[in-house]
Amino acid sequence: MEPAQAPNEAALRATLTAVRAWNPYDGDALLDDVGDVLGTVAPPEERVEELDRQLCGDLMQLVGIATTFEAEKQDPRATQHICSARQSIAAEMPGDYAKAVSHLQRMGWAVQELLEVLVEIGCVKAPDSLSTSEAL
């Protein structure tokens, strides 16, 4: 029997970095972000940049999940929603507040629509808040 080899330090560091950067799926947090931009009151101007970052992260996570599970092969709507999500991620935040709010709303709809498809085809668990409201 050969002695165990010491782990590769670079590989361990890369793995640790990936684990630290990992953001687990939380459907309720995604819906909170969507609610912040699609609610009846526009988000305050000082939160626009923060919401843009959050929604971009949400979309990147959902696109990653959709790609991993090959969602486009399971539901033709997924292709359109993935494309819309990627366009939203690539779009620059407008400098004008009203245009920025419109941009955030489009991103919010993209999150909501892609999440809905991924839940329907079983790629992700439905957010707990939706399961609770349906039981009532």
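Exactly one residue among L16, L30 is in a helix (DSSP H, G or I) and either polar (S, T, N, Q) or closer than 22 Å to V124 by Cα (or both), and that residue is L30. Return the residue satisfying two criteria in turn: it lies in region 116-136 and is assigned to a helix (DSSP H, G or I) and either buried (at least 18 other Cβ atoms within 10 Å of the Cβ) or among the charged types (D, E, K, R) (or both), and of such residues it is modelled with the lowest pLDDT. If we take residues in region 116-136 being assigned to a helix (DSSP H, G or I) and either buried (at least 18 other Cβ atoms within 10 Å of the Cβ) or among the charged types (D, E, K, R) (or both), then E134 is modelled with the lowest pLDDT. Within region 70-96, track down each residue that is assigned to a helix (DSSP H, G or I), out of contact with any Asp or Glu (no Cβ under 6 Å at 6 or more places or on another chain) and either small (G, A, S) or under 15 Å from W109 (Cα atoms) (or both). Across region 70-96, the qualifying residues are A71, R77, Q80, I82, C83, S84, A85, R86, Q87, S88, I89, A90.
Here the condition is being surrounded by fewer than 14 Cβ atoms within 10 Å (Cβ to Cβ), in contact with a helix residue (DSSP H, G or I) (Cβ under 6 Å, 6 or more places away or on another chain) and of a type outside the set (K, R); of E45, E92, E70, E113, it holds for E45 alone.
Keeping to region 48-67, report how many residues are without any contact (Cβ under 8 Å) to a residue 24 or more places away in the chain and open to solvent by 80 Å² or more (accessible area, probe 1.4 Å). Step through it out loud before you land on a result.
Our first condition is that a residue be without any contact (Cβ under 8 Å) to a residue 24 or more places away in the chain; within region 48-67, this holds for 50, 53-54, 64, 67.
Pick out the ones that are also open to solvent by 80 Å² or more (accessible area, probe 1.4 Å) and you get 53.
Residues in region 48-67 being without any contact (Cβ under 8 Å) to a residue 24 or more places away in the chain and open to solvent by 80 Å² or more (accessible area, probe 1.4 Å): 1 in total.
The values are calculated or read from the model by the stated rules, or taken from the named source; none is laboratory data. All values reported here derive from a predicted model rather than from experimental measurement. All Cβ positions, even for glycine, are placed from backbone atoms using ideal geometry, and neighbour counts span all protein chains on display. With ligands, DNA and RNA removed, areas are computed over all heavy atoms of the protein, side chains included. Shrake-Rupley method; radii C 1.70, N 1.55, O 1.52, S 1.80 Å.
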